[in-house]
Each structure stands twice: as structure tokens, then as C-alpha cells.
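Engineer: Quick one: the structure is below, and I'll ask about it shortly.
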Amino acid sequence: MFEKILIANRGEVAVRIIRTARRLGIKTVVVYSEADRDSLAVDMADETVFIGPAPAAQSYLVIDKIVDAAKQTGAQAIHPGFGFLSEKAEFADRLLAEKITFIGPNPNAIRAMGDKIESKKSAQAAGVSCVPGFIGEIEGVDHAVQISEEIGYPVMIKASAGGGGKGIRVAYNRKEVEEGFPAVRAEAKGAFGDDRIFIEKFVTAPRHIEIQVMGDKHGNVIHLFERECSIQRRNQKVIEEAPSPLLDEKTRMAMGEQACALARAVSYDSAGTVEFVASGADKSFYFLEMNTRLQVEHPVSEMITGLDLVEQMIRVAAGEPLKFKQKDLKIKGWAIESRIYAEDPYRNFLPSIGRLRTYRTPEEGKTGDLTLRNETGVREGDEISMFYDPMIAKLVTHGPTRIAAIDAQARALDQFLIEGIADNIPFLGAVMEEAEFRSGDITTAYIKKHFPEGFEGVAPTKDQEKLLLSVAAYARAFTAKRAAQTSGQANGAHGRRDWVVILDKQHHAADVALDEKGATVSLDGKAHRLDTDARPGARIIEGKFDGKPFAVKIKSEPQGYQLRHRGVTARAIVASPRAAELYKRSRKSRKPTPPSSSCRPCPASSSQST
């Protein structure tokens, strides 16, 4: 086993690798750029090496700097994480020449799978099901049209060297091929320096399902079942889960066997992922590509198998054989992962950079049959940089069933508190509550279908409305009681039980009976139980509402409270019955004022996220 490894990466994946290395008793070296000088990974590592300015092209992508850092510190091996140099065959070649172990697959496997055209040829030779299409050089637009019409519309026009959702276009007719082919070729040339294109059949009701494989240097290859990654925005994964709600045991076995066959064909000897597109209509599936690295979404596979993939990568790189066989692996429960990004969902997911003024995460660990894990590389006070991927964290929940894992994820998202920058938590929370997602009847077009105009928040359900009304009434009643006690009043507001909560212009009578464990709140004559130990000033009120766990983000405003819960953002005013009546009269007596020509509508949400 290695005594010291270097991590050629940053952020949450660097922290993830450090945690496993510590458990194995391996010392770690972290390289860092100017932007990451004060990062969590730098603080956690045993040694650090500065490698240059913030832009990745001047730091994390410079092979000479990474190799020099390994030599300088005596690191015996390098883990590339994901992104940056993780799938660069020339990096693996260089380490081989320098006699530094690459904690990843051999260079030939990276090369074979790194080119989408060549990888499809390898897949076909290995007996892997491939999408009907044309693999080879396409001469021009006329040739592209001819190929498309032979395959049958719709078709996907895709850059051979593509990645990250770039260089892809779907064409449903001849005209769209004529327009799309040159556009994709130009994008491929600009983004990847490679304008080779392939065309294949576009699968209807497509779902993105991938198989996690693991190989060693002794010819053993196994798979760790599948992950469903169909919830995507602009071809970028947002929510992942394992296993897939689509697959039956027969299809799962077939996909796993084909993924292993491809891995064996290229002598694969590390963690990798074979990606498929599957039809939600008939469960047919076709090879897309193979990622020759650790995937961002690997934690969901770890949660359902109990294996540590980073540990397995390190052990295999050190020459150890896999200590388990396919028959030893079983799916245990269900795992859901949400990617929390620094972006504003209310402004078409515009990136948001800046300092994390508040960063409080839900508590990790096991509670009953539920497990929560938060993979992150930041702390409160850290800055989200413009130079790198804006992912803040990966929130992972595991439960005995899919719905249990989803419900745990939704609660954990409600407990996640971020201030200082915008985040996509409201959007993620809304998805967790959406009926089609909960049913598992999803495709890669899910986000486009349900949020065609972008995310504008969602309206509360009847149950959510009762929860938000009760939380607002509780917060106001408790604050009034505390204020009265502090001022020494013997009567007055602290004795009040009757309030009116105004939500979406609707007035709701609320009777609040506070007690040591929370309150009984009667809304419009119907009693509800709110169990909580939250006190005035809390930014999250959580507990149980009518016996069900909840968490609501709450922020005081000049005229009430802003409340957030699973994609719902609401503003509530809580007043005495007399004040509420005066408020209603004042609104009726107001004359509408025509807006100034220079005024613009306020956005649905402030730039500050909570």
C-alpha cells in the first residue's frame, strides 16, 4: 500500500479522497492554485504545493507542475479525481514514465474509450448494444442528411470529442440536420479542437442510465449495478439515484454484463462508468460512452453496495486484486443525490459567485434506517470562485425504499442553509415533491417538460399552506411572548392567542396555544399540532407537523416573514385581528398607481438564498 499520495484536484473531490486516505493511514499532498489557497482541502491535507494562478490552464491542467509536486513531496501515486487531468491519456503516460502510479486506468484504456467514435467501435466488437448510427468520417452536410435519412429521424448529431453537454444537437427532419450539422461541427472545433462528428438514432422517451464498473490488474472486472441520471439540465446531471426505477432484474443483468464485457475488452483496471441511453417505452438500451474516471455521482453506488470506490481505486492501483466477486454484491436500499450549485434558479440558473456568509448543512450520519451524507469542499466564510465548477455540495440520502430516500432528501434540502450567494436548493426541493419524479416516470427531458420557461417557484399544496401558516403564526406568537416577558409586562401581547395570518392576500384566523414542546395551532377552526424546539431568531424551524417531520426556512421581513419549503417561497404577515382588519381596509381604499415607465417588475426572489 502507498504511504503518500498526491491529489491532483480541488474542492469536494479532493476532500473526499483525503477522507478515505486518512482512514487507510495514507498521507496526502494537495496541490492548489491561488484561488484555493485557503480552501478546506488545503487545510485538511498533510502537505500542500502551490501550483500557480487561478485559471486551470495555468495550474491544475499543467502536467509538469503536478509531476514536479509529486517528486518534491515524495508522493508515490497520484489520484486525479474527476475533471482536469483525470481522462488525459498523456498524463497517465507521463506518470508511467516517471514511475509514479496513476490511481486510475491504464493509458491504453483511457485512449480507447476517450474517443467516442473509437469507443463505439470497441463496444460493437465486444458485443455491446449500440445505437443505430454512422461511425466514421462524415464528409459534409449532404452526407449527414443521407446518413440521417437512412437511420430514420429523429437523430442525434454529436461531437466525437464532446463532453459536459457540449457539441450535441437533436434533429427531427432534413432542415434541422442541414442547420445543425455545421453548427455542431463549429462548436466541436472551438471547444475541443476536433471537428469530427457522428450521427446516431435519437431514442424516444430516453433515460440516462449508467453502470459503475471496477477492474483490477489481475483481469477481474465486476459492476456495482446502475445509476439513473435522467434529471438533467442542458445535458448536465442535476439529480442522480441508484438503482434505477426503470430496470427490472433481467435488464439490469444484461446491462451489467455488457458493461463488464466492454471493460474487459480494453483491459480496464480501475473505477469507470459505462453510460447507456435506455428507452422508457420498452427498456431497450444502447451504449453511449465510457467515462474512464471516478464519477461525480459515485456516492449513490457506494450507498447501495457499502463499498468505498476511492478505496478500491487506491488498492487496485497498488496492485491488490479485488477482494469480492459479482455474486458477493447486492443492492441494499435506495440512494438519491442532489447537486447543490451556486446559481440562481429564479434567474434562469445564472451563476452566482461570492462569499458563503452562512453555510449550515444538515447533520450527517445514520438515523434509524435513513443515512445522510454531504460531500462538500467548502465551509462557512469560503468564497465560490468564478474559475471553477460552481458546485457547492452533493447531498446524498439513503433509505430502505425510493420514496423514503426522496423524502429524506427533501427534508435535508429544507435543512440546508446558504446565505451570501444564490443556490438551486428551491428548485431541487420542488423536484422532490413533483408527482412524476416521485413515480419514477422520468426522461432526460424532465426539466424541459416541467419547467419550460425556467424555474419560477411552485405554488404550495394545501398541506404546505397549512404548514407555512402554522409556522408563521407560531413564530409571531413566540416572539410576542418573549418580547413581553423581556419588557416585564404582566399582560398584553404575550397573552394573545388569536392572530390572523395573511398569506397570498388571504386572511386565515389562527389560534396559537404555546407550550413547552411547541404549539397547538388552530387554522380557520381546525387544530394542528406543531412540535418544535425552535426559538425566535432561528433561521430554520423544524420538528413535526401533525406527526410528520418538516423543516421550513424563515427570515424576518419588515412586514412579516419570508418562508421557504420545497420550492415554495411565500411571504406571510401575522397580525392581531384588529390590525389585520385595518390592513384589509387600507388595501381596499388604495387607488392603483400606474407604474413609472422606468420601473421593472421585482424578481421572484432576492439574490440572497436561504
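The values are calculated or read from the model by the stated rules, or taken from the named source; none is laboratory data. For clarity, every value in this text was computed on a predicted model and none was experimentally measured. Cβ sites come from the backbone with ideal geometry, for glycine too, and all protein chains shown count toward neighbours.
Engineer: Report the residue count in the stretch 535-549 for those that are under 14 Å from Ala472 (Cα atoms) and in contact (Cβ under 8 Å) with a residue 60 or more places away in the chain.
Structural biologist: Residues that pass the stated criteria total 6.
Engineer: If the Cβ limit is 7 Å and pairs must be 6+ apart or interchain, which residue in the stretch 553-575 that is on the phi > 0 side of the Ramachandran plot and crowded, with 19+ Cβ neighbours inside 10 Å pairs with which residue that is outside any strand (DSSP E or B) and of a type in the set (Val, Ile, Thr)?
Structural biologist: From residues that are on the phi > 0 side of the Ramachandran plot and crowded, with 19+ Cβ neighbours inside 10 Å, the pairs are Gly567/Val458.
Engineer: Return only the number of the condition from (1) under 21 Å from Ile392 (Cβ atoms); (2) in contact (Cβ under 8 Å) with a residue 24 or more places away in the chain that Lys65 does not satisfy.
Structural biologist: Going through (1) under 21 Å from Ile392 (Cβ atoms); (2) in contact (Cβ under 8 Å) with a residue 24 or more places away in the chain one by one, Lys65 breaks only (1).
Engineer: List every residue pair whose Cβ atoms lie under 7 Å apart, where the two residues are 6 or more positions apart in sequence or sit on different chains, the first residue falls within the stretch 167-195 and is within 17 Å of Gln146 (Cβ to Cβ), and the second residue, located anywhere, is part of a helix (DSSP H, G or I) and of a type in the set (S, T, N, Q).
Structural biologist: That search, which allows pairs on different chains as well, returns Ala171/Ser148; Val177/Ser148.
Engineer: Pairs, please: C-beta under 6 Å, at least 6 apart or cross-chain, first residue under 14 Å from Phe324 (Cα atoms) and in the stretch 209-223, second modelled with pLDDT of 95 or more and of a type in the set (S, T, N, Q)?
Structural biologist: These pairs meet every condition: Met214/Gln312; Ile222/Gln326.
Engineer: Starting from the stretch 76-87, keep only residues that are in the same structural domain as Asn9 (by TED's automatic domain parsing) and farther than 15 Å from Ile5 by Cβ, then list their pairs with residues that are assigned to a loop (DSSP other than H, G, I, E, B) and not aliphatic (A, V, I, L, M) whose Cβ atoms are within a distance under 7 Å, requiring at least 6 positions of separation or different chains.
Structural biologist: Phe82/Arg293; Phe82/Gln295; Phe84/Asn9; Phe84/Tyr60; Glu87/Thr292; Glu87/Arg293
Engineer: Could you tell me whether the stretch 234-251 includes any residue that is of a type in the set (Ser, Thr, Tyr), buried (at least 20 other Cβ atoms within 10 Å of the Cβ) and within 19 Å of Phe324 (Cα to Cα)?
Structural biologist: So in the stretch 234-251, the residues of a type in the set (Ser, Thr, Tyr) come out as 244, 251.
Applying the additional criterion that residues be buried (at least 20 other Cβ atoms within 10 Å of the Cβ) yields 244.
If we keep only those that are within 19 Å of Phe324 (Cα to Cα) as well, we get none.
Looking for residues that are of a type in the set (Ser, Thr, Tyr), buried (at least 20 other Cβ atoms within 10 Å of the Cβ) and within 19 Å of Phe324 (Cα to Cα), one finds none in the stretch 234-251, hence no.
Engineer: Pick from Ala472, Ala405, Ala393, Ala422: which is over 28 Å from Gly81 (Cα atoms), in contact with a strand residue (DSSP E or B) (Cβ under 6 Å, 6 or more places away or on another chain) and in contact (Cβ under 8 Å) with a residue 60 or more places away in the chain?
Structural biologist: Details: Ala405 fails: over 28 Å from Gly81 (Cα atoms); Ala393 fails: over 28 Å from Gly81 (Cα atoms); Ala422 fails: over 28 Å from Gly81 (Cα atoms).
It is Ala472.
Engineer: Something else: If Ala191 meets every condition in (1) crowded, with 18+ Cβ neighbours inside 10 Å; (2) touching a Lys or Arg at 6+ places or on another chain (Cβ under 8 Å) apart from one, which number is that one?
Structural biologist: The single condition Ala191 does not satisfy is (1).
Engineer: For the stretch 41-80, name all the residues that are in contact with a Lys or Arg (Cβ under 9 Å, 6 or more places away or on another chain), over 21 Å from Tyr388 (Cβ atoms) and among the charged types (D, E, K, R).
Structural biologist: Asp46, Glu47
Engineer: Given the criteria touching a Ser or Thr at 6+ places or on another chain (Cβ under 6 Å), in a helix (DSSP H, G or I) and over 21 Å from Gly381 (Cβ atoms), does Ala21 qualify?
Structural biologist: yes
Engineer: Restricting to strands (runs of 3 or more DSSP E) lying wholly in the stretch 204-256: which have 2 or more residues that are of a type in the set (A, V, I, L, M, F, W, C) and over 18 Å from the mean Cα position of the chain (by Cα)? Break it down into steps so the answer makes sense when it comes.
Structural biologist: Details: elements: 206-215, 221-233, 236-242.
Qualifying strands (runs of 3 or more DSSP E): 206-215, 221-233.
Engineer: While we're on this one: Where in the stretch 105-155 are the helices (runs of 4 or more DSSP H), entirely inside, with at least 3 residues that are at pLDDT 90 or above and either in the same structural domain as Gly215 (by TED's automatic domain parsing) or within 16 Å of Cys260 (Cα to Cα) (or both)? Give the derivation first.
Structural biologist: Details: elements: 107-114, 116-125, 141-151.
Fully inside the stretch 105-155 and qualifying: 107-114, 116-125.
Engineer: Does Gln72 satisfy being in contact with a Phe, Trp or Tyr (Cβ under 9 Å, 6 or more places away or on another chain), without any contact (Cβ under 8 Å) to a residue 60 or more places away in the chain and polar (S, T, N, Q)?
Structural biologist: On the way: in contact with a Phe, Trp or Tyr (Cβ under 9 Å, 6 or more places away or on another chain): no; without any contact (Cβ under 8 Å) to a residue 60 or more places away in the chain: yes; polar (S, T, N, Q): yes.
Considered against the rule, which asks whether it is in contact with a Phe, Trp or Tyr (Cβ under 9 Å, 6 or more places away or on another chain), without any contact (Cβ under 8 Å) to a residue 60 or more places away in the chain and polar (S, T, N, Q), Gln72 comes out as no.
Engineer: Step by step: first the residues of the stretch 196-231, then only those that are in contact with an Asp or Glu (Cβ under 9 Å, 6 or more places away or on another chain) and of a type in the set (Asp, Glu), then the one that is surrounded by the most Cβ atoms within 10 Å (Cβ to Cβ). Which residue is that?
Structural biologist: Glu226
Engineer: Same structure, new question: Could you tell me whether the stretch 185-193 includes any residue that is farther than 20 Å from Asn291 by Cα, among the hydrophobic types (A, V, I, L, M, F, W, C) and in contact with a helix residue (DSSP H, G or I) (Cβ under 9 Å, 6 or more places away or on another chain)? Please lay out each step first, then the result.
Structural biologist: Of all residues in the stretch 185-193, those farther than 20 Å from Asn291 by Cα come to 185-187, 189-190.
Now drop any that are not among the hydrophobic types (A, V, I, L, M, F, W, C), which leaves 186.
Those left that are additionally in contact with a helix residue (DSSP H, G or I) (Cβ under 9 Å, 6 or more places away or on another chain): none.
No, that holds for no residue.
Engineer: Ok, one more. Could you say which residue among Ala527, Ala475, Ala513, Ala509 is among the aliphatic types (A, V, I, L, M), surrounded by 20 or more Cβ atoms within 10 Å (Cβ to Cβ) and either farther than 30 Å from Thr204 by Cβ or at pLDDT 95 or above (or both)? Walk me through it before giving the result.
Structural biologist: Numbers: Ala527 fails: surrounded by 20 or more Cβ atoms within 10 Å (Cβ to Cβ); Ala513 fails: surrounded by 20 or more Cβ atoms within 10 Å (Cβ to Cβ); Ala509 fails: surrounded by 20 or more Cβ atoms within 10 Å (Cβ to Cβ).
One residue alone meets the criteria, Ala475.
Engineer: With surrounded by 15 or more Cβ atoms within 10 Å (Cβ to Cβ) and of a type in the set (Asp, Glu) as the only criterion, which of Glu542, Glu581 stands out? Please lay out each step first, then the result.
Structural biologist: Details: Glu581 fails: surrounded by 15 or more Cβ atoms within 10 Å (Cβ to Cβ).
From the options Glu542, Glu581, the qualifying one is Glu542.
Residues are listed down the side, and each one gets a yes or a no for (1) over 27 Å from Arg379 (Cβ atoms); (2) at pLDDT 95 or above; (3) crowded, with 23+ Cβ neighbours inside 10 Å:
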| position | (1), (2), (3) |
| --- | --- |
| Leu294 | no, yes, yes |
| Leu309 | no, yes, no |
| Arg315 | yes, yes, no |
| Glu320 | yes, yes, no |
| Lys323 | yes, yes, no |
| Asp328 | yes, yes, no |
| Ala342 | no, yes, yes |
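Engineer: Still on this structure, please answer the following. Just to be sure I understand, how many residues within the stretch 24-49 are touching a strand residue (DSSP E or B) at 6+ places or on another chain (Cβ under 6 Å) and part of a helix (DSSP H, G or I)?
Structural biologist: 2
Engineer: Next question. Which ones in the stretch 152-165 are over 15 Å from Gly114 (Cα atoms) and surrounded by 18 or more Cβ atoms within 10 Å (Cβ to Cβ)?
Structural biologist: Listed by number, the residues that qualify are Val155, Met156, Ile157.
Engineer: Please go through the stretch 363-390 and pick out each residue that is touching a strand residue (DSSP E or B) at 6+ places or on another chain (Cβ under 6 Å) and either of a type outside the set (Val, Ile, Thr) or in the same structural domain as Pro55 (by TED's automatic domain parsing) (or both).
Structural biologist: Glu364, Leu370, Leu372, Arg373, Asn374, Glu375, Glu380, Glu383, Pro390, listed by residue number.
Engineer: To continue, here is another question. Among (1) over 29 Å from Gln295 (Cα atoms); (2) surrounded by 14 or more Cβ atoms within 10 Å (Cβ to Cβ), which single condition is Glu149 missing?
Structural biologist: So the condition that Glu149 fails would be (2).
Engineer: Please determine, by comparing only the residues of the stretch 124-138 that are closer than 19 Å to Ile157 by Cα and hydrophobic (A, V, I, L, M, F, W, C), which one is surrounded by the most Cβ atoms within 10 Å (Cβ to Cβ).
Structural biologist: Step by step, filter the stretch 124-138, then rank; the result is Val131.
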